[in-house]
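Take a look at the structure below.
The values are calculated or read from the model by the stated rules, or taken from the named source; none is laboratory data. Quick caveat, the model's predicted, so the values are computed rather than measured. As a convention, Cβ positions derive from the backbone with ideal geometry for all residues, glycine included, and neighbour counts pool all protein chains shown. Remember, those area values only see protein heavy atoms, side chains included, never the ligands or the DNA or RNA. Shrake-Rupley method; radii C 1.70, N 1.55, O 1.52, S 1.80 Å.
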Amino acid sequence: MSSLPAGANVVQRALEHAVESLEGDVGAIVSAGSVVASMGYSAQAVPVDDLLAAAEGERAVLSVPGAGDCDVLVVACDELPGGRLLLGRRAPASYTSEERSLLRGFARVLSLTLVAHRTIQHEREQRLVSEREAQHRQDLLIALRERQDLMVRLPRIQPAISTRRTTHEVL
């Protein structure tokens with residue numbers, strides 16, 4: 001999630017909701033050849049290779065410590081490059097069509113949330129750029145007014161200087 005550092009929390013929360021809602025034992029979200037979020041594994045024991053293989057459809061069952069073999073359901077998550085949402089549940093629990101549809105729905109909502117997150121972040125960045133540009137224009141306007149004032153006063157000052165009036169009289 002290098003492109004969305006704050007989005008990593010969004011991804012983790014979406015995964016947690018999906019796993020809990022579908023009564024899964026484990027879950028993961030993979031993107032661009034790495035696991036960006038996981039649930040049901042300790043942080044040190046995430047089986048990255050197994051999850052990536054399952055995401056690519058090369059494995060239909062994951063061996064999970066404490067849960068045994070889990071059937072894997074994989075759906076695409078469009079807003080992540082090569083993104084897949086995986087759900088694992090103890091075998092022989094097969095997934096119903098409603099559960100598959102619900103997991104696809106979770107993936108779609110996650111994708112829309114990531115789009116909204118990126119859009120909001122882009123809008124914030126654009127607002128900052130716009131505010132900097134507005135400040136720069138304001139500074140230029142002030143400088144222009146000062147120059148204009150000087151240009152108005154200069155024709156009065158030049159004759160006073162040439163007639164050798166005192167500084168107090170010139171200014």
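Numbers at a glance
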| quantity | calculated |
| --- | --- |
| Cα-based Rg / Dmax (Å) for region 84-171 | 34.1, 106 |
| Accessible surface of region 1-138 [probe 1.4 Å, protein heavy atoms]: carbon and sulfur percent | 51 percent |
| Hydrodynamic radius (Kirkwood) for region 1-78, which is based on Cα pairs only, to one decimal in Å | 12.9 Å |
| Solvent exposure of the chain as accessible area per residue, Å², 1.4 Å probe | 65 Å² |
| Length-normalised contact order of region 1-83 in % [C-alpha pairs under 8 Å, at least 6 apart] | 23 percent |
| Kirkwood Rh in Å, taken over all unlike Cα pairs in region 1-149 | 17.3 Å |
| Amide H contacts under 5 Å for VAL36, placed H, 5+ residues apart | ILE29, VAL30, SER31 |
| Hz values of 3J(HN,Hα) by residue in region 37-46 - Karplus curve (6.51, -1.76, 1.60), Gly and Pro given as x | 7, 8, 8, x, 10, 6, 4, 8, 10, 6 |
| If the convex hull is drawn through the Cα atoms of region 34-101, its volume per residue in Å³ | 89 Å³ |
| Net charge dipole size for the chain [Lys, Arg +1 and Asp, Glu -1 on Cβ; Debye, nearest 20] | 1460 debye |
| Three-way shape call for region 71-112 based on the alpha-carbon gyration tensor, with the a/c threshold at 1.5 | oblate |
